[in-house]
Amino acid sequence: MEQYIIKGGNPLVGEVEIGGAKNAALAILTAAIMTDETVFIENLPDVSDINVLLEAIAEIGATVERVDRHTVRINGSTIGAVSVDYEFIKKIRASYYLLGALLGKYKKAEVPLPGGCNIGSRPIDQHLKGFRALGAEVTIQHGAIMASASDLTGSHIFLDMVSVGATINIMMAAALAKGYTIIENAAKEPHVVDVANFLNSMGANIKGAGTDVIRIRGVESLHSTNYSIVPDMIEAGTYMCAAAATKGDILIKNVIPKHLEAITAKLVEIGCEVQEFDDSIRIIASKRLRRTHVKTLPYPGYPTDMQPQIAVTLALAEGTSIVTESIFENRFKYVDELSRMGSTIKVEGNTAIIDGVEKFTGARVSAPDLRAGAALVIAGLAAEGITTVDDIIYIQRGYEDFEGKLRSLGAEIEKVSTEKEIQKFKLRIG
Ligand code: UD1
């Protein structure tokens with residue numbers, strides 16, 4: 001089992017390049033099979049979620065050609081099945097996007113109920129409600145969602161809550177429905193916009209993505225495109241917090257600073273200096289940070305996927321901070337791990353009350369999910385002594401070459417899988 005071993009205490013200093021957004025790429029790769037023509041996608045992150053999804057797409061018969069680490073060519077004309085295997089779905093929740101894509105293109109899809117990060121119950125009722133509104137018959141049988149329609153017809157859909165997944169899934173199916181669809185209370189996340197832009201580049205007619213009303217005029221078919229995926233705001237935000245927590249100075253390149261505003265605002269509030277450039281952002285943290293309150297909200301609010309990283313940062317800040325998680329009910333599982341490093345955090349319902357400590361001390365901890373795993377790595381980087389992070393398979397789902405990028409910023413971190421490698425690391429760092 002692979003682990004990270006970290007010797008903390010070095011401020012992270014230098015430059016880091018951000019990859020394409022995992023969550024945009026998951027939807028875009030799925031949408032790519034909605035045409036029979038060849039689609040060329042660039043700026044793909046090389047992370048396990050993406051690689052598993054590509055396998056799932058190939059498994060149903062699409063032709064998937066990895067041109068290089070960050071580029072793929074997909075042709076959906078060879079698809080022979082509209083039924084997706086459970087093995088893939090249980091590994092990545094976002095394979096539920098295959099429902100919208102297959103239903104839109106073939107008017108039929110069979111996809112097992114999703115797995116993914118265990119951060120709450122994560123229902124998909126809004127996705128199904130949207131498909132039904134478009135005229136599909138949707139049932140759940142033997143653990144799978146079966147959706148079919150003789151024809152999909154545009155509809156006026158009100159989402160009961162802001163859902164990224166439901167917005168994207170409905171948008172995909174509606175792109176090839178007959179007539180006009182309006183999605184109200186749509187998610188406004190940058191990756192929703194990226195998926196809409198991608199579909200439009202294939203000939204779809206989608207307007208309003210990025211606002212809470214999306215209007216889709218269905219088209220007959222989609223065509224080939226070349227597309228480059230938007231930078232990953234969560235990867236960028238993670239390095240922003242790493243700079244803050246280690247009192248570092250990082251220039252984060254290939255980002256869209258506008259997407260990072262909620263994170264930037266919090267870091268400025270707690271005493272970091274943040275400089276924004278056209279496509280990069282610099283975070284400087286030279287002194288002890290101050291307390292603040294954070295509440296996760298749909299975009300443009302503070303992202304839930306950045307909640308553990310800011311909590312770790314606040315756990316080292318002066319004073320008492322309150323972090324409220326309003327999107328997922330089970331996203332504080334890392335708190336017990338972090339307390340082993342000396343943090344003082346009390347969770348009550350969906351809030352964490354954080355009494356900042358001067359320092360963490362290294363300990364053996366375990367990543368409970370993707371973002372919490374990244375946050376524990378940040379904690380290890382800031383801690384005195386040695387930290388090992390187990391279950392890094394979660395972290396590899398969403399961060400490309402995390403240890404390599406951190407090392408280039410001066411971190412002492414190694415991916416290890418044997419006791420011998422651990423001893424070697426300890427000997428090397430002295
Ligand atoms: C996506 C992201 C995830 C991020 C989340 C919120 C991907 C692959 N994942 O997840 O990293 O944390 O957005 O920004 O892009 N809900 C329902 N019924 C539904 C759908 C959602 O009740 O049918 C609830 C969820 O339980 C949650 C909230 O709505 O409380 C938001 O979920 P949603 O935006 O759908 O998250 P995901 O798309 O699953």
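Taken together, the values in this text are just the output of simple stated rules run on the coordinates, not laboratory data. Note that the structure is a prediction, hence the values are computed from the model and not measured. Neighbour counts are summed over all protein chains in view; Cβ atoms, including those assigned to glycine, are modelled from backbone coordinates with ideal geometry.
At a glance:
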| quantity | calculated |
| --- | --- |
| Under DSSP loop assignment and at most 12 Cβ neighbours within 10 Å, longest GluC sites (Glu not before Pro)-free interval of the chain | 1-219 |
| Exposure proxy order (Cβ contacts within 10 Å, fewest to most) of V13, V39, V335, V67 | V67, V13, V335, V39 |
| Percentage relative contact order, the chain, counting C-alpha pairs under 8 Å, at least six apart | 20 |
| Estimated translational D of the range 176-274 in µm²/s (Stokes, Kirkwood radius over Cα pairs; 20 °C; 1.002 mPa s) | 137 |
| Given charges at beta-carbon only (K, R positive; D, E negative), |dipole| of the chain in Debye | 480 |
| Size-normalised alpha-carbon gyration radius of the range 22-228, reference 2.2 N^0.38 Å | 0.90 |
| Lys, Arg +1 and Asp, Glu -1 on Cβ, resulting dipole of the range 22-228 about Cα centre, debye, nearest 20 | 340 |
| Trypsin sites (Lys or Arg not before Pro) restricted to the range 235-291 and DSSP loop, no more than 15 other C-beta within 10 Å | K287, R288 |
| Relative contact order (percent, whole number), the range 22-228, Cα cutoff 8 Å, 6+ residue spacing | 20 |
| Lys/Arg +1, Asp/Glu -1 at C-beta; the chain dipole; positive extreme among A383, T238, A94 | A383 |
| Helix-only mean residue ellipticity at 222 nm for the chain, each DSSP H run of n ≥ 4 adding -39500 (n - 2.57), per residue, nearest 500 | -9500 deg cm²/dmol |
